[in-house]
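The values are calculated or read from the model by the stated rules, or taken from the named source; none is laboratory data. Quick caveat, the model's predicted, so the values are computed rather than measured. Glycine gets a Cβ as well: all are built from the backbone with ideal geometry, and neighbour counts include every protein chain shown. Ligands, DNA and RNA are excluded from the accessible area calculation, which covers all protein heavy atoms including side chains. Shrake-Rupley method; radii C 1.70, N 1.55, O 1.52, S 1.80 Å.
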Protein chains: 2
Amino acid sequence: MSSATKALTLLSYFSTARPEIGLSQLCRIAERDKATTYRQLQALESVGFIEQNPATKQYRLGPALMQLAQVREATVPRKDGAKTVLRTLADRTGETAHVTVLSGTTLYGLCECESPHHGTRAVIDINTFPLHATASGVCALAFGPSNLHAVALENLDEFTANTPTTEAKLSELIEAVRETGISHSDQCYEIEIQGIAAPIFDHTGHLAGAVAVACVASRFTPELAHTIKTELLIAARDITHNWGGTIPRPIEQSWAKSLTKVTEQETAS
Amino acid sequence: MSSATKALTLLSYFSTARPEIGLSQLCRIAERDKATTYRQLQALESVGFIEQNPATKQYRLGPALMQLAQVREATVPRKDGAKTVLRTLADRTGETAHVTVLSGTTLYGLCECESPHHGTRAVIDINTFPLHATASGVCALAFGPSNLHAVALENLDEFTANTPTTEAKLSELIEAVRETGISHSDQCYEIEIQGIAAPIFDHTGHLAGAVAVACVASRFTPELAHTIKTELLIAARDITHNWGGTIPRPIEQSWAKSLTKVTEQETAS
DNA sequence: AACAGAGGTTCAATATATGAACCAATAGGG
DNA sequence: CCCTATTGGTTCATATATTGAACCTCTGTT
């Protein structure tokens, strides 16, 4: 881990829940030395990545991030192309929808949209999604570059009793997703949360990310699952299109198959 | 300069004009060693600040910036509170409007809005504003913390023939701004561009940034200047309000005085 | 086939990061 | 009013991570 990486990592401790952090506090959270941390904060401040609240002496994220994010979005317009679709998805399903983007071997959260339909709802409060324990992650494993597999196996943390912590279990999940084109995580990351995800592709035909719905488990019924899957596929197509990509033929075929199957089950019951 | 700072500085070479940069190209632009630059890019990529376009192998800004910017805006909502005001300002003046924020001793560009009224228009393509050579910068010097002065004097680059490059000339400008509450830069940074700026304050009563209009010099008339000043003061009040601050009494008084003076001049001519 | 340019890698030299201990200032408690 | 426990910030010898010239490998051009 380079010193630059270590300094940058400090930024990840800031969140909407904890927007300002003091020096000592940050040292405790990050389990770092005070002198080092202080100097790293100075370095970050000098380039505008953080700034110090003059009143409290606490640190918070800085203005340079706004510019860079603007350039990023102008370069790779992901957020704009996802936001409206996400809102529709959240609205039609009544559950929290979110989009992740794959960069290298890491799956980053891009955008989240909660539905106002229910009082209780899932809140997505993670920055990087564990590949093995989330619907979006397994989706990436199923359709993303093959080197993701090794990365996933290196980190099989057990978040809940349902988390797949063995290669066998994970491969089984991945195989199922490859067949249906839709990923389903039954409380693998968080208890009480069911996740369903579909892949998004870029103009090169590679996996660009995933769109997912996080559903409170107690509300989860076969009917809702069907609605979510239907809407999810629409959203995945729309976002893929907005990002300038196209859904690969095999994926579209597996989607067609799995949706009719679901419908048959529905009508049978 | 710490190694982290050096790595972070690489990010500033990315812009909407040059969104993707290859390794060799970046080395030339930044005048850096290839091996070092490569490792720094790796470090930046590992934390999602940049990513490599798999097709071209070129680097571009990464997705982690989007999240951080989101947290920053949730923490210190600057952009939202400026955008609509800026649009109105650009619309009513017919010129390009922009907002800068002061962080430490650096003045960062936050947001820009061009007016569609004219074919030729000013484009704000800088990230950090020189304190001595821009209307916003002199505004910050006039009403910001006193330590800015020393920073400004350390860097009196001559951009045009009009740029104030001596302490005396700069002090003269600052004094004028302190009296009128409005800063005017007559082609100090870029030839053919007139800048007019007004200060913005935060809830602690300290200077938070500036709002400015960049006007193509050939269109600049006393009438337009008057319009710009009038609208600028409205914008400064609105943004200050949106950022939870208030305009200090003395500033409001100097504004009242300088606007009536301008009006007198207008009517006299 | 030879060449030029790209991205990426190696290793010794050395500049840079590190952290225990230390200061100064502030806030609360007895 | 002193004592203690915080805080943010600083110092300096030590040791570790950064550096860059030279090198490799691959790709497209002449």
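Tabulate in residue order the Karplus-calculated ³J(HN,Hα) for segment B:190-201, using 6.51 cos²θ - 1.76 cosθ + 1.60 with θ = phi - 60°, rounded to whole Hz; enter x for Gly and Pro. Using θ = phi - 60°, the values come out as 9, 5, 6, 10, 9, x, 10, 9, 10, x, 10, 10 Hz. Entry note, segment B:104-232: relative contact order of 23 percent, from Cα contacts under 8 Å with a spacing of 6+ residues. Less than 15 Å Cβ to Cβ from B:LEU173, Lys/Arg counted +1 and Asp/Glu -1: what total charge do the surrounding residues give? My count for the surroundings of B:LEU173 gives -4.
Hey, could you get me the Stokes-Einstein D for segment A:3-67, Kirkwood radius over alpha-carbon pairs, 20 °C and 1.002 mPa s, rounded to whole µm² s⁻¹? Spell out each step's value before the answer.
Details: Rh = 11.7 Å.
For the chosen part, D equals 184 µm²/s.
Phi angles of segment B:2-8 translate, via the Karplus equation with coefficients 6.51, -1.76, 1.60 and θ = phi - 60°, into HN-Hα couplings of 6, 5, 5, 4, 4, 5, 4 Hz per residue; Gly and Pro are given as x.
I'd like the projected area of segment B:74-152, averaged over all directions, using the convex hull of its alpha carbons. Report it in nm² with one decimal. Before the final figure, lay out each step's value.
On the way: hull surface 23.3 nm².
Spelled out: convex hull of the Cα atoms, projected over all directions, averaged, 5.8 nm².
Using just its DSSP H runs of length 4 or more, each adding -39500 (n - 2.57), chain B gives a mean residue ellipticity at 222 nm of -14500 deg cm²/dmol after division by all residues. Sorting the segments B:122-132, B:180-190, A:133-143, A:159-169 by their residues' average number of neighbouring beta-carbon atoms within 10 angstrom, most packed first, yields A:133-143, B:180-190, B:122-132, A:159-169. For segment B:15-139, list log₁₀ I(q)/I(0) at each q in 0.10, 0.11, 0.17, 0.20 Å⁻¹, using the Debye formula over Cα point scatterers of equal strength and ignoring solvent, two decimals each. The calculated log intensity ratios at q = 0.10, 0.11, 0.17, 0.20 Å⁻¹ are -0.45, -0.55, -1.08, -1.19. The C-alpha atoms of chain A define a longest principal axis, and helix A:79-93 lies at about 50 degrees to it. Mind checking which lysines have their C-alpha under 30 Å from B:LYS57, skipping anything on the same chain fewer than 8 residues away? Within reach: A:LYS6, A:LYS79, A:LYS83, B:LYS6, B:LYS34. Of the residues A:PRO199, A:CYS27, B:SER12, the one whose Cα sits farthest toward the positive end of the charge dipole of the protein assembly as shown, with +1 on the Cβ of Lys and Arg and -1 on the Cβ of Asp and Glu, is A:CYS27.
All other residues with a Cβ under 11 Å from the Cβ of A:VAL123 taken together, and with Lys, Arg as +1 and Asp, Glu as -1, what is their net charge? Before the final figure, lay out each step's value.
Numbers: positive: A:ARG121; negative: A:GLU112, A:GLU114, A:ASP125, A:GLU190.
Overall, the nearby charge balance is -3.
The Cα atoms of the protein assembly as shown define a convex hull whose projected area, averaged across directions, is 28.0 nm².
Sparsely packed loop sites in segment A:17-82 (the GluC sites (Glu not before Pro) outside DSSP H, G, I, E and B with at most 15 other Cβ atoms within 10 Å) comprise A:GLU31.
What number, in nm² with one decimal, is the all-direction average of the projected area of the convex hull of the alpha-carbon atoms of segment A:68-212?
Details: hull surface 35.5 nm².
Answer in nm², one decimal: 8.9.
Using a 1.4 angstrom probe on protein heavy atoms only, the contact between A and B buries about 4000 square angstrom of accessible area, both sides summed.
Computed from the alpha carbon atoms alone, the convex hull of segment B:130-243 holds 90 Å³ per residue.
Counting Cβ atoms of other protein chains within 10 Å of each residue's Cβ and taking the mean over peptide A:97-106 gives 4. Label-point distances for A:PHE159 to the equivalent site in the other copies, using a point 7 angstrom along Cα→C-beta, read 4.8 nm when ranked shortest first.
Comparing B:ALA133, B:ALA161, B:PRO145 along the charge dipole axis of segment B:72-162, the residue lying farthest to the positive side is B:PRO145, per the Cβ-charge model.
Return one whole number: the accessible area per residue of chain B in Å², for a 1.4 Å probe.
Numbers: 12080 Å² over 269 residues.
Ligands and nucleic acids excluded, the result is 45 Å² per residue.
Over all other residues within a Cβ to Cβ distance under 14 Å of B:ALA30, the charged ones net out to +4, with Lys and Arg as +1 and Asp and Glu as -1.
Phi-derived couplings, Karplus 6.51 cos²θ - 1.76 cosθ + 1.60 at θ = phi - 60°, listed residue by residue for segment A:132-145: 8, 10, 10, 4, 4, x, 5, 4, 5, 5, 6, 10, x, x Hz, with x used for Gly and Pro.
Our note on the geometry: Cα centres of segment A:215-239 and segment B:94-172, 51 Å apart. Structure remark: mean-square fluctuation, Gaussian network model of chain A, C-alpha springs under 10 Å; the largest value among A:THR75, A:THR93, A:THR106 belongs to A:THR75.
The portion of the accessible surface of the protein assembly as shown made up by carbon and sulfur, rounded to a whole percent, is 51 (1.4 Å probe; DNA, RNA and ligands excluded). Its relative contact order, with pairs defined as Cα atoms under 8 Å and 6+ residues apart, puts chain A at 15 percent.
For B:THR227 and B:ALA74, the difference between the fully extended length at 0.36 nm per residue and the C-alpha to C-alpha distance is 51.7 nm.
For the pair B:GLN58 and A:SER24, label points projected 7 Å from Cα toward Cβ lie 5.0 nm apart.
Say R0 is 35 Å: what FRET efficiency, to the nearest 0.05, do A:THR160 and A:THR260 get from their beta-carbon distance? Walk me through the numbers before you get to the answer.
On the way: r = 32 Å, r/R0 = 0.91.
The value I calculate is 0.65.
Each copy carries a label point for B:LYS83 at 7 Å from Cα toward Cβ; from one copy, the others' points are 0.5 nm away, ordered from shortest.
Shape index of chain A: Rg/Rh, with Rg the Cα radius of gyration and Rh the Kirkwood radius from the inverse mean 1/r over Cα pairs, equals 1.01.
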